[in-house]
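The values are calculated or read from the model by the stated rules, or taken from the named source; none is laboratory data. Keep in mind that this is a model prediction, so the values were computed, not measured. Here the Cβ positions follow ideal geometry from the backbone for every residue, glycine too, while neighbour counts run over all protein chains shown.
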């Protein structure tokens with residue numbers, strides 16, 4: 001039960017009644033009305049901005065409008081008290097029975113508490129990672145992988161139909177460099193001393209296995225062929241090898257994509273393939289022309305050339321400048337391929353698209369969103385989330401070296417050292433657009449200062465309380481059905497009530513985090529929930545009357561076990577959303 005949605009609907013009903021009585025104008029836009037937790041918990045359980053949000057359209061003073069709404073809310077059977085604060089905020093205190101009902105639902109629902117109602121449409125395409133298949137992934141790729149995967153989990157949990165997609169950048173100059181680097185390792189596999197890796201080729205030893213594969217399948221035959229003949233063959237084998245490695249690294253992180261989409265496929269079929277088709281669509285709409293771009297102001301723009309070019313009118317859709325679609329050599333720009341790719345997404349019935357990109361692609365956002373608006377006539381949406389850099393540290397000192405890659409620490413090395421859970425949780429314990437410092441030593445500490453340990457320990461502590469109850473009260477029934485029927489009115493301590501209120505916020509948290517495409521909110525919430533739970537446990541250590549298990553008071557014990565079960569369910573649910581395990585013991 002999302003009590004915030006429930007009361008938002010009740011406020012809307014009250015405003016409708018007031019309009020019917022002529023007390024307020026009819027047709028007010030209620031979409032701006034929200035019911036949320038008050039900033040100060042002492043003000044009550046809920047607060048609504050209804051009067052503040054609607055006063056201008058209603059042509060009324062906010063306080064005056066609040067004084068109309070508040071008495072109607074006061075009649076609600078679930079409202080214990082109500083007040084109007086400041087210029088017109090309405091604060092509500094709810095009867096204990098409301099939170100008891102929420103707690104019972106959390107116990108019954110288990111890890112499904114807060115799960116949204118399935119929605120068939122619109123389907124959502126979340127494209128993330130999409131690292132160039134030219135080597136192993138680094139920790140920056142890992143942050144995008146975790147963010148995208150957690151976002152897909154979150155949207156699915158909220159009820160959305162989600163497809164997880166990886167765009168393979170297997171066209172362009174970088175994969176030709178990959179092929180030449182692999183060919184060098186092929187010569188090495190045949191026994192040649194290749195010496196130092198030449199400048200401009202990929203130096204890491206991850207291509208050794210690709211060279212060995214080529215040698216095993218072709219022998220020395222490729223050595224006698226011109227580059228034009230061996231390059232496409234080697235390129236295919238190298239890309240396949242790199243993608244196999246990337247899939248393995250992602251699997252170690254718990255990331256599995258449903259769709260792998262090849263950039264090269266967009267140009268297959270002759271006459272430019274799907275890229276030419278996409279450009280033709282824009283051409284037919286009068287959005288392509290031949291012209292010159294003005295020189296960029298301030299900083300260098302690699303897209304700028306002082307010549308007549310084929311341009312897309314992206315400025316008509318919010319971009320800063322029109323964008324070129326053809327290079328001087330007659331080939332398509334990367335942007336042209338990306339236009340075709342997003343047309344493909346829309347053609348596959350994805351009206352809602354979400355891309356997870358590295359921060360270095362920030363200048364690319366407006367043009368891509370402009371292209372989607374143009375291609376879909378405004379029916380498609382594209383949200384682009386930029387993921388900032390990860391600074392890898394060890395005890396506060398930068399870590400930069402890697403034997404495997406040659407010049408950076410690979411994602412797999414980090415996973416192998418600290419574990420999947422630490423990587424996933426900490427990658428989400430800061431907003432995606434903020435730089436993240438990831439300290440390899442700190443994330444394995446068993447302390448409150450290590451968020452992933454602190455949250456997982458809360459879940460494990462919940463499990464230990466049930467084991468303690470089984471020892472102290474043999475045969476006690478702790479089934480969800482029994483716990484949901486406990487006398488929850490016995491939970492009266494302020495810390496217990498605060499914890500119940502925090503549990504009641506979880507369905508709203510899921511709904512809002514999914515709507516904003518911000519999975520980090522789940523990680524933040526889990527830490528707050530763990531902190532509240534640990535605080536209550538510590539109070540029980542100091543005061544025997546607050547301990548969860550009291551064999552002299554079985555009804556109180558059952559009520560407190562109901563609370564513990566709800567905490568455990570929400571922790572398990574939230575950890576599942578962000579892809580982190582929920583251990584029953586911590587060793």
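Computed quantities for the displayed model
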| quantity | calculated |
| --- | --- |
| Total residues in the stretch 92-115, condition in contact with a strand residue (DSSP E or B) (Cβ under 8 Å, 6 or more places away or on another chain) and within 22 Å of residue 511 (Cα to Cα) | 2 |
| Residues within the stretch 416-450 that are surrounded by 21 or more Cβ atoms within 10 Å (Cβ to Cβ) and assigned to a helix (DSSP H, G or I), tallied | 9 |
| Complete set of residues in the stretch 528-544 that are more than 10 Å from residue 495 (Cα to Cα) and buried (at least 18 other Cβ atoms within 10 Å of the Cβ) | 529, 530, 540 |
| Condition check for residue 467: in a helix (DSSP H, G or I), touching a helix residue (DSSP H, G or I) at 6+ places or on another chain (Cβ under 7 Å) and either buried (at least 20 other Cβ atoms within 10 Å of the Cβ) or in the same structural domain as residue 567 (by TED's automatic domain parsing) (or both) | no |
| Residue 475 outside any helix (DSSP H, G or I) and either in contact with a helix residue (DSSP H, G or I) (Cβ under 9 Å, 6 or more places away or on another chain) or assigned by TED's automatic domain parsing to the domain that holds residue 559 (or both) | yes |
| Residue within the stretch 66-77 that is surrounded by 17 or more Cβ atoms within 10 Å (Cβ to Cβ), under 24 Å from the mean Cα position of the chain (by Cα) and farther than 30 Å from residue 345 by Cβ present | no |
| Where a residue in the stretch 335-364 is under 13 Å from residue 382 (Cα atoms) and its partner, wherever it lies, is at pLDDT below 95 and surrounded by fewer than 17 Cβ atoms within 10 Å (Cβ to Cβ), with Cβ under 6 Å and at least six apart | 351/122; 352/122 |
| Residue within the stretch 189-204 that is closer than 30 Å to residue 433 by Cβ, more than 29 Å from the chain's Cα centre (by Cα), in a helix (DSSP H, G or I) and at pLDDT below 95 present | no |
| Matching entry among 181, 97 (being over 30 Å from residue 62 (Cα atoms), without any contact (Cβ under 8 Å) to a residue 24 or more places away in the chain and assigned to a helix (DSSP H, G or I)) | 97 |
| Of the criteria (1) over 24 Å from the mean Cα position of the chain (by Cα); (2) closer than 21 Å to residue 265 by Cβ, which one residue 400 fails | (2) |
| Residue 330 vs. criteria more than 31 Å from the chain's Cα centre (by Cα), assigned to a loop (DSSP other than H, G, I, E, B), more than 22 Å from residue 386 (Cβ to Cβ) and modelled with pLDDT of 95 or more | no |
| Test: residue in the stretch 298-307 that is surrounded by fewer than 18 Cβ atoms within 10 Å (Cβ to Cβ) and within 30 Å of residue 150 (Cβ to Cβ) | no |
| Unmet criterion (only one of (1) assigned to a helix (DSSP H, G or I); (2) in contact with a helix residue (DSSP H, G or I) (Cβ under 7 Å, 6 or more places away or on another chain); (3) crowded, with 19+ Cβ neighbours inside 10 Å) for residue 453 | (2) |
| Residue tally, condition modelled with pLDDT under 95, over 30 Å from the mean Cα position of the chain (by Cα) and under 25 Å from residue 104 (Cα atoms), over the stretch 1-42 | 1 |
| Scope the stretch 43-70; condition touching a strand residue (DSSP E or B) at 6+ places or on another chain (Cβ under 8 Å) and either free of Cβ contacts under 8 Å to residues at least 24 places away in the same chain or not in a helix (DSSP H, G or I) (or both); matching residues | 44, 45, 46, 47, 48, 49, 67, 70 |
| Selection count where residues are within 21 Å of residue 12 (Cβ to Cβ) and surrounded by 15 or more Cβ atoms within 10 Å (Cβ to Cβ), scope the stretch 103-121 | 1 |
| Selection status of residue 502, without any contact (Cβ under 8 Å) to a residue 60 or more places away in the chain and out of contact with any strand residue (DSSP E or B) (no Cβ under 8 Å at 6 or more places or on another chain) | yes |
| Conditions (1) free of Cβ contacts under 8 Å to residues at least 60 places away in the same chain; (2) touching a helix residue (DSSP H, G or I) at 6+ places or on another chain (Cβ under 7 Å); (3) within 30 Å of residue 419 (Cα to Cα); number of the one not met by residue 252 | (1) |
| Tally of residues being in contact (Cβ under 8 Å) with a residue 24 or more places away in the chain and either outside any loop (DSSP other than H, G, I, E, B) or not assigned by TED's automatic domain parsing to the domain that holds residue 35 (or both) across the stretch 71-81 | 3 |
| Residue count, the stretch 370-401 (criterion: touching a helix residue (DSSP H, G or I) at 6+ places or on another chain (Cβ under 6 Å), free of Cβ contacts under 8 Å to residues at least 40 places away in the same chain and part of a loop (DSSP other than H, G, I, E, B)) | 1 |
